[in-house]
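The values are calculated or read from the model by the stated rules, or taken from the named source; none is laboratory data. The structure displayed is predicted, hence computed values, not measured ones. Neighbour counts run over all protein chains shown; Cβ positions are idealised from the backbone, glycine included. Remember, those area values only see protein heavy atoms, side chains included, never the ligands or the DNA or RNA. Shrake-Rupley method; radii C 1.70, N 1.55, O 1.52, S 1.80 Å.
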Amino acid sequence: MSADTPAWRVNAQDTLQHTTLAPQTEHRGRVEEIGDGVAMISGLENVGLEEVLQFSGGQVGFAQVLNDDSIGCVLLDTSTAVQAGDTVRGTGDVVKVPVGDALLGRVIDPLGRPLDGKGEIVTTQTLPIERPAPSIIERDLVTEPVQTGIIAVDTLFALGRGQRELIVGDHATGKTTLAIDTMIAQRSSDMICLYVAVGQKTSSVRRAIYALTSQGNFARCIVMVAGSASAPGLQWIAPYAGMTMAEHFRDTGQHALIVIDDLSKHAATHREIALLTRQSPGREAYPGDVFYLHARLLERAAKLSPAKGGGSLTALPIAETDSGNLSAYIPTNLISITDGQIVLDAALFHQGQKPAVDVGLSVSRVGGKTQAPVLRKAAGTLRLDYAQFLELEVFTRFGGMPDGHVRDQLRRGECIRAILRQPQHQPLRLIDEVALLSALHAGLLDTLSPPALASLRAALPDALDREAQTDRSLQSPCSPALAEGGMQDDTRDALLNMMKPLITAAVQGNPPDTGPPGGHESDGKANPGAASTSEDIS
């Protein structure tokens, strides 16, 4: 073809060459009703459940309900451009999302479209959002720990790779902060983190992204946003799309962590869609399949066997309660689905005990099997001692002066409570937790006030790093082998000797509290040592 050939003619001929000149079959339907992100469609008899439907204006949705004479379609785009009478055609495909390393370090919507202004995301593989969970024979035991960096969780409710642990509590009690801190703690690990925001405010999501970029390793994170202003369809598919993206890393032998914030809003979106598509309401107006909705989602988190690559996917779903009512429909469903729950108490939060973990109601059904041996040995009877302290504290509030033994228990309990209090976005390393618990067990921290403990916690990481660099003859307490083999007595003694000058400096800078033990929170006011602790961003 000569160089003088017009461009339009070249394009037309190229189009004809790639056009199949043969009869094509296409099923078309008609929009009967439209509103609130849901369209009722007639005329599509051969459409399958969750099949993608395309409207005449280019908008897409998926078939959520199949009735005898109509189809309930949930839109994935704005519904304002869809009108009654528009034509609809089936695509024969289901909703798929891109997966792969190209998503790392990006902020996306549930369909994998970029929201951060960093350009197009180029991937070569897509997977459906609905995938079967691994079978029992494909799974392995959950034995590897997930270090959250939160001493209250790592010591009392250890998490394992492949576990599903629910974070539940009232509004503004630190649920999102707890999850974000866990993601920040993976900045030096091999875990890939994915944060899924379902129905969250834009300001809350921005704070989460800022925390991950400033404190964590955002290059190994994916943030998926289906905000409160997004289409209901996007909010509905967001957890499933996020799980599919995380499963890609698990299935390639890597380790992934997914945070779903939160499933209470996801259930409310499902209820809204169900009522608009005229499904029968049940308890609290939720449809009967809401349990299966979340069960099939969370069952996809697993630790795979070596034959399947040995990868893992850990899930931290979040649920919100109303006035601490754990017996509500959605919280009870999620508690029965997951492998344990971390319950955050509003009263503890307002008293300044942050993270406000309720040690009586929280539980991990995997337990100490995943806990690092050195941390298990250092924690010892920490949970039992703390539980006894909480009971003694209640009795001493009625008045009367306790004897010397009880006063010692109360002072030790106050020290434990101060150690469990932790500033937001400052997760601890394993060695930091071991050092604090070893000093506590040895009785070196009993005389420290809460402000002195906070000062000691801030100075401890740098001191441990200096010790590891200067004393090469000593088995480094910062060694990664510490997590696997435990700590020898000589190493423990060297660690305590290194901490004694830090404790002395903390005492000199912060005089011990002269008030009665066990009474600093009896008036419901925040402890002065908690001035810089976490605030909820959910």
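Checking the range 60-71 against the condition returns no match, with no residue being among the aliphatic types (A, V, I, L, M), part of a loop (DSSP other than H, G, I, E, B) and open to solvent by 60 Å² or more (accessible area, probe 1.4 Å). Checked against (1) buried (at least 18 other Cβ atoms within 10 Å of the Cβ); (2) modelled with pLDDT under 95; (3) out of contact with any Pro (no Cβ under 9 Å at 6 or more places or on another chain), Gly352 passes all but condition (3). Assess whether Gln83 counts as being without any contact (Cβ under 8 Å) to a residue 40 or more places away in the chain, out of contact with any Cys (no Cβ under 9 Å at 6 or more places or on another chain) and either over 17 Å from Thr277 (Cα atoms) or not hydroxyl-bearing (Ser, Thr, Tyr) (or both). Answer is no for this residue. The residue of the range 1-49 that is farthest from the chain's Cα centre (by Cα), among those that are under 19 Å from Gly90 (Cβ atoms), in a loop (DSSP other than H, G, I, E, B) and modelled with pLDDT of 80 or more, is Gly43.
The set of residues from the range 117-174 being hydroxyl-bearing (Ser, Thr, Tyr), under 30 Å from Asp432 (Cα atoms) and loosely packed, with under 14 Cβ neighbours inside 10 Å comprises just one member, Thr143.
For Ile108, indicate whether it is closer than 23 Å to His294 by Cα, of a type in the set (A, V, I, L, M, F, W, C) and open to solvent by 10 Å² or more (accessible area, probe 1.4 Å). No; evaluated as a whole, the condition is false for this residue. Please determine, by comparing only the residues of the range 407-424 that are open to solvent by 30 Å² or more (accessible area, probe 1.4 Å) and of a type outside the set (D, E, K, R), which one is farthest from the chain's Cα centre (by Cα). The qualifying residue farthest from the chain's Cα centre (by Cα) is Gln409.
Applying the criterion of being touching a strand residue (DSSP E or B) at 6+ places or on another chain (Cβ under 7 Å) and of a type in the set (S, T, N, Q) to the residues of the range 227-250, the residue that is farthest from Lys265 (Cα to Cα) is Thr244.
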